[in-house]
Amino acid sequence: MQLRYSFRVYPDGPQRSALGRAFGCARVVFNDALRVREDARAAGLPFVSSGELSKLLTVSKRTEERAWLGEVSAVVLQQSLRDLDAAYRNFFDGLKGKRARAGAPRFKSRKDSKQAIRFTANAKWKITSGGKLRLPKIGDVRVKWSRALPSVPLTVTVIRDAAGRYFASFVVETDPVPHPEVQPVVGIDLGLGHFVVLSDGTKIDAPRFLRRAEKELKQAQRNLGRKAKGSNNRDKARIKVARAHARVADARREFHHQLSTKIIRENQAVAVEDLAVKALARTRLAKSVHDAGWAAFVAMLEYKAALYGRTFIRIGRFEPTSQLCCVCGTNGGPKPLHVRIWQCGTCGVVLDRDINAAINIAKAAGLAVSACGAQVRPVLVPAQRGEAGTHPESLLAMARQTGIALLQAGEGVKPRPASR
């Protein structure tokens, strides 16, 4: 399987200028190729192939208007054409129903929040003996290594985010590393009050990183609004806003990684519900839904389960996990969100809504889990009319009705004397 490892890089002044030229050249090639295909479509001509675009790129580099494209690695420009092919492929596959809908390819701008270039093995980039990343026509860039790569990287992508930070993203080919098998299996119910509720009764509170940083973000955005457009002070304020958002995103990503790794290591099988995040993001809870980051967390669970030899199961979003009693299976019907505890009308068990849903998710996935975690407290079920007595004669009568041996129910019981 292929994994991606991202590390922070710190280019110096000349290297940042060289990376800026590479970002600009890759963006221009992408836009030129997209314009050629859009013009052909508007004129009713056949779809322009990748080979034809590559030939047009070679010709344009020899012209005076595009001669500066030769200042960067040719591999970067060719990979920009590959990115355009991938964008078209995702768009057409979405129309055919082979994957989720993706928008048509759009023109890139130098003001986009993220700029990226990719180097393959043909570019002859390498990691030096001193731990630096040597990139063609850029130089040796200092890298902050946080871990060792499991194998030789296939490609490296250099990314600059909106906060002005640079990252090197390596794609490596590695084999799964199965962890020792464990017995527990778990169902996971995702929420907003509690980010994760497990079928064993464990509840993890939602950290709400965005909500906690709203005051800082509000002040930074207000300062940005006061700056004159086009000024250097406005650009500095924009970077401060971007860095504040980057801190929130980094904290959320770190929380997702730690929690997903813990769950995968401690459980042999994991079941989650396939939530309609896009639909929930159009409700009044949109900010909280985006702050939780459910989709990213579930994606981490899925790839880590494949990496560590665990079982990952998604169940359909239309399973009535919040309506079924996990003890007797009775469907209690839909309930409003403010109802967190409810009592089953059939068996009388008082259920925690989230834990009950997590258990039902695990059962729907075919996992054998205990339902005891969903019970908040036992309640007294009204006795039947024939079982309401507490006298010895009533015990004997109940024993005869239920088939219990008289030796067990009525041993040593004396008959009640007649009343005077």
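The values are calculated or read from the model by the stated rules, or taken from the named source; none is laboratory data. Predicted model only: the values in this text are computed from it and were never measured. Cβ atoms come from the backbone with ideal geometry, glycine included; neighbour counts cover every protein chain shown. Note: accessible area is taken over every heavy atom of the protein model, side chains too, but ligands, DNA and RNA are not part of it. Shrake-Rupley method; radii C 1.70, N 1.55, O 1.52, S 1.80 Å.
Of all residues in region 350-374, those that are modelled with pLDDT under 85 and buried (at least 24 other Cβ atoms within 10 Å of the Cβ) total 2. Of the listed requirements (1) open to solvent by 40 Å² or more (accessible area, probe 1.4 Å); (2) more than 29 Å from residue 258 (Cα to Cα); (3) at pLDDT 85 or above, residue 329 misses just one: (3).
From the list 271, 206, the one residue that fits, being touching a strand residue (DSSP E or B) at 6+ places or on another chain (Cβ under 6 Å), among the small types (Gly, Ala, Ser) and either open to solvent by 50 Å² or more (accessible area, probe 1.4 Å) or within 29 Å of residue 167 (Cα to Cα) (or both), is 206. The strands (runs of 3 or more DSSP E) found entirely in region 128-176 that carry 1 or more residues being in contact (Cβ under 8 Å) with a residue 40 or more places away in the chain and closer than 24 Å to residue 308 by Cβ are 153-160, 166-173. Considering only residues in region 220-232 that are open to solvent by 90 Å² or more (accessible area, probe 1.4 Å) and assigned to a helix (DSSP H, G or I), the one that is nearest to residue 111 (Cα to Cα) turns out to be 232.
Anything in region 138-193 that is farther than 23 Å from residue 116 by Cα and buried (at least 17 other Cβ atoms within 10 Å of the Cβ)? List them, or say none. Selection gives 185, 186, 187, 188, 189, 190, 191. Annotation: of all residues in region 283-329 being in contact with a strand residue (DSSP E or B) (Cβ under 7 Å, 6 or more places away or on another chain) and among the polar types (S, T, N, Q), the one that is nearest to residue 358 (Cα to Cα) is 321.
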